[in-house]
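Asker: Just passing along the structure, written as structure tokens.
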Amino acid sequence: MLRWLKYILVGLFGLAALCLLFVSIILLTFDNDGYRRLAIRVVKLTTGYEMTIDGPFTLELSKNPSLSVGSIQFYPGPDGSFPSIQKIGKFKIKIVLSSIFGGNLNVKELVADEVAIVAFIGKDTRSNVREFIAHHISPGMEIPIIERVRLRHIQLDIINKSTGRSVDFRLQQFNIDDIRDTGPLFVSGKGSVNGSDFKIDGKLGALATLIYGAEPFPVDFNMNTSGLNFSATGTIDDPLAGEGLKLRLSGEVEELSHLFTLSDVEIPQLGQLKFDTSVINDFSAPGLSD
């Protein structure tokens, strides 16, 4: 679940930063059509990908300026590579204007609807994530304060290049609220994994902790899926690499075989299971105790 959240948050953070770049520099230069053309040009210059905006493009100026964009489509770059985010039906971002000049950007609201994302993983996934962060986020960069995130109808396909298997992840709705502007992030949502519905609620650490990993990332959430009631509490030293697990897991599932449907695997019925255990080490080689 943290890996899915990581891809979504990092992707949306990059998109938000891209939008804010041209909003803050030329806020009063163009009309809305001018901004539309500028956004398309900025995306191509900074990423190499082609982008079209066929829906409305509205910039509202105030002490909390907002940008609303509809029907965004991304296309492969000159080298044939495909962007991770392929389309966005609706995107809106609202910021605190004074925070642009204060050096600590405050995003009051970020809304995304009908988004299609494709993420490739494999043996080199962890190093690729680290390289992306090292290249795009400098150590001295302030991570924005994001007060509220509203995601609707998010389609995320995770493809494992090593095994050829894929995970079909759908978010019907997902909310993130940063009550104190610095964490924790309160999360709630519902969706499906390979056709199996799930619900989740709880809280995670601050976004800066997730990106930089300067301190253990706290986790405290509950999830229900495929007859499984599951809870996890504790910390992860490096959530991007999945290392340094110090988690307490507990749950109950009516039929254990139903869990394998999340990985699109069919097995005979195995019966009921209750568990309560500590998990250490990392995602690739977890250790269980108690």
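Asker: Among the residues of the stretch 61-99, write down those that are open to solvent by 50 Å² or more (accessible area, probe 1.4 Å) and part of a helix (DSSP H, G or I).
Answerer: Hit for the stretch 61-99 is 98, nothing else.
Asker: Looking only at the stretch 181-205, count every residue that is modelled with pLDDT under 85, open to solvent by 20 Å² or more (accessible area, probe 1.4 Å) and under 15 Å from residue 149 (Cα atoms) and tell me the total.
Answerer: Selection size over the stretch 181-205: 3.
Asker: Right, another one. Among what's in the stretch 206-224 and is in contact (Cβ under 8 Å) with a residue 24 or more places away in the chain, in contact with a helix residue (DSSP H, G or I) (Cβ under 9 Å, 6 or more places away or on another chain) and of a type outside the set (A, V, I, L, M), pick the residue that is most open to solvent (accessible area, probe 1.4 Å).
Answerer: For the stretch 206-224, the residue satisfying everything is 212.
Asker: Looking only at the stretch 100-115, filter to residues that are of a type outside the set (A, V, I, L, M) and modelled with pLDDT of 85 or more; which one of those is most open to solvent (accessible area, probe 1.4 Å)?
Answerer: The qualifying residue most open to solvent (accessible area, probe 1.4 Å) is 114.
Asker: Continuing with this model, one more query. Any residue in the stretch 37-50 that is buried (at least 16 other Cβ atoms within 10 Å of the Cβ), of a type outside the set (Lys, Arg), modelled with pLDDT of 75 or more and more than 25 Å from the chain's Cα centre (by Cα)?
Answerer: yes
Asker: Does the stretch 51-60 hold any residues that are closer than 23 Å to residue 94 by Cβ and either surrounded by 11 or more Cβ atoms within 10 Å (Cβ to Cβ) or touching a residue at least 24 places away in the same chain (Cβ under 8 Å) (or both), and which are they?
Answerer: Of everything in the stretch 51-60, those that are closer than 23 Å to residue 94 by Cβ and either surrounded by 11 or more Cβ atoms within 10 Å (Cβ to Cβ) or touching a residue at least 24 places away in the same chain (Cβ under 8 Å) (or both) turn out to be 51, 53, 55, 56, 57, 58, 59, 60.
The values are calculated or read from the model by the stated rules, or taken from the named source; none is laboratory data. Please read all numbers here as calculations on a predicted model, not as lab measurements. Glycine also receives a Cβ, built like all others from the backbone with ideal geometry; neighbour counts cover every protein chain displayed. The area values use the complete protein model at the heavy-atom level, side chains included, leaving out ligands, DNA and RNA. Shrake-Rupley method; radii C 1.70, N 1.55, O 1.52, S 1.80 Å.
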